[in-house]
Amino acid sequence: SEAVYRVIAAHRSLGDKVTKLLWGVPIEPDAQAAVTQLFLRVLGIIYLIAFVSFGVQAAGLIGANGIRPIAGTIHGLGESYGDIRYWIFPTLFWLKTSDAAIRGVWLAGCGFAILMMLGLARRLAALGALALYLSLVTAGLVFMNFQWDALLLEAGFLAIFAGRSRAVVWLYRWLLFRLMFMSGAIKLLSGDPNWRDLTALTYHYQTQPLPTPLAWYMQQLPVWFQKASCVGMFFVELVVPFLVFAPRRLRFLAAGLIAAFEVLIFLTGNYTYFNLLTIALCLFLLDDAR
């Protein structure tokens, strides 16, 4: 410790400049009280989008006359898993599987989402929204088995404890890191040569979920631009996530780059609330001073 102190003492001026460069002036401990409040309100909006989006389709998907009626799903799970079914498949639909019950779950979910948006009964609303959305995801099976559903559940679980500890802020940062880094890593680990030779974007825009009108124009851009875009994508997904744990100003840079990347995805394809939720997670890279 004495040796380290001597090195620091001999370079105080340099250390001061580096600290100001990376953390800014004045140097203060991070505070995320206002950021957390804003995130929870945005999360309420996202929950509302999720509940309404699935709710208006629920009867045709898992209703009594739907593609995959929930009654059959619940009955099959009960026969296959016995008493442990409640732990493996947590859902309120173990109590009732009628169309009225489905409607009641998603409408009640909307109610809790609105409470979150308004900042009322915050923890109760977060717990209620999580329980109801988890019920839909569990019973919805193939219709709710998407990356954004899992992401919303994890973000929603942490929301119950938001504001109680600094650890929750770091858990949200860890969630954002995992989301972004694994998005890039899975492309390279998939074995698909189109990602490795940077040509995947030459056909991505016409094969993604529900391309927007702008996607057609992006598809027409030259191959060199598509390859350059792929390099940029890998930079944001594989390099930028490490800035999530960096000093203050580098975190701000990471938030800006990830948010801009998600806006570009939003403009070219329909991934429901996925992009909005990812941008919302970037709020935890900021602090109340900005």
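The values are calculated or read from the model by the stated rules, or taken from the named source; none is laboratory data. Predicted model only: the values in this text are computed from it and were never measured. Please note: Cβ atoms are built from the backbone with ideal geometry, for glycine as well, and neighbour counts cover all protein chains shown. The area values use the complete protein model at the heavy-atom level, side chains included, leaving out ligands, DNA and RNA. Shrake-Rupley method; radii C 1.70, N 1.55, O 1.52, S 1.80 Å.
Worth pointing out:
- Taking the criterion of being surrounded by 15 or more Cβ atoms within 10 Å (Cβ to Cβ) and farther than 18 Å from TYR271 by Cβ, the residues of segment 191-203 that qualify are ASN194, TRP195, LEU198, THR199, THR202.
- The sole residue among LEU179, LEU175, LEU188 that is in contact with a helix residue (DSSP H, G or I) (Cβ under 8 Å, 6 or more places away or on another chain), open to solvent by 30 Å² or more (accessible area, probe 1.4 Å), part of a helix (DSSP H, G or I) and aliphatic (A, V, I, L, M) is LEU188.
- In segment 249-290, the residue that is most open to solvent (accessible area, probe 1.4 Å) out of those that are assigned to a loop (DSSP other than H, G, I, E, B) and not β-branched (Val, Ile, Thr) is ARG290.
- Neighbours by Cβ (under 6 Å, 6+ apart or cross-chain): first from segment 221-245, touching a residue at least 60 places away in the same chain (Cβ under 8 Å); second open to solvent by 40 Å² or more (accessible area, probe 1.4 Å): VAL240/LEU257; PRO241/PHE181
- Within segment 94-127, the set of residues being without any contact (Cβ under 8 Å) to a residue 24 or more places away in the chain and more than 16 Å from ARG41 (Cβ to Cβ) comprises TRP94, LEU95, LYS96, ALA100, ALA101, GLY104.
- Any hit, segment 142-156, residues being open to solvent by 20 Å² or more (accessible area, probe 1.4 Å) and over 22 Å from PRO209 (Cα atoms): yes
- Looking across GLN226, GLN206, GLN220, one residue alone is farther than 28 Å from GLY24 by Cα and either in contact with a Lys or Arg (Cβ under 8 Å, 6 or more places away or on another chain) or open to solvent by less than 70 Å² (accessible area, probe 1.4 Å) (or both). It is GLN226.
- Subset tally (residues that are β-branched (Val, Ile, Thr), assigned to a helix (DSSP H, G or I) and open to solvent by 40 Å² or more (accessible area, probe 1.4 Å)) for segment 66-119: 3
- Checking each residue in segment 120-132 for being within 22 Å of ALA64 (Cβ to Cβ) and exposed (fewer than 14 other Cβ atoms within 10 Å of the Cβ) picks out no residue at all.
- Test for PHE235: is it modelled with pLDDT of 95 or more and surrounded by fewer than 18 Cβ atoms within 10 Å (Cβ to Cβ): yes
Let's see how each residue does on (1) surrounded by 15 or more Cβ atoms within 10 Å (Cβ to Cβ); (2) assigned to a loop (DSSP other than H, G, I, E, B); (3) at pLDDT 90 or above:
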site	(1), (2), (3)
VAL4	no, no, no
ILE8	no, no, no
PRO29	no, yes, no
THR36	yes, no, yes
LEU40	yes, no, yes
ILE46	yes, no, yes
VAL52	yes, no, yes
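- Subset of segment 246-290 that is among the charged types (D, E, K, R) and without any contact (Cβ under 8 Å) to a residue 40 or more places away in the chain - its residue that is farthest from GLN208 (Cα to Cα): ARG290
- Residue within segment 192-200 that is over 30 Å from ARG166 (Cα atoms), in contact with a strand residue (DSSP E or B) (Cβ under 8 Å, 6 or more places away or on another chain) and of a type in the set (S, T, N, Q) present: no
- Single unsatisfied condition, TRP170 versus (1) over 30 Å from PHE245 (Cα atoms); (2) in a helix (DSSP H, G or I); (3) open to solvent by 40 Å² or more (accessible area, probe 1.4 Å): (1)
- Counted as qualifying within segment 201-245 are no helices (runs of 4 or more DSSP H), as none has 3 or more residues that are basic (Lys, Arg).
- Every condition in (1) in contact with a strand residue (DSSP E or B) (Cβ under 9 Å, 6 or more places away or on another chain); (2) not in a helix (DSSP H, G or I) is met by GLY163 except one, and the failing one is (1).
- Number of positions in segment 17-27 that are open to solvent by 90 Å² or more (accessible area, probe 1.4 Å) and touching a residue at least 60 places away in the same chain (Cβ under 8 Å): 2
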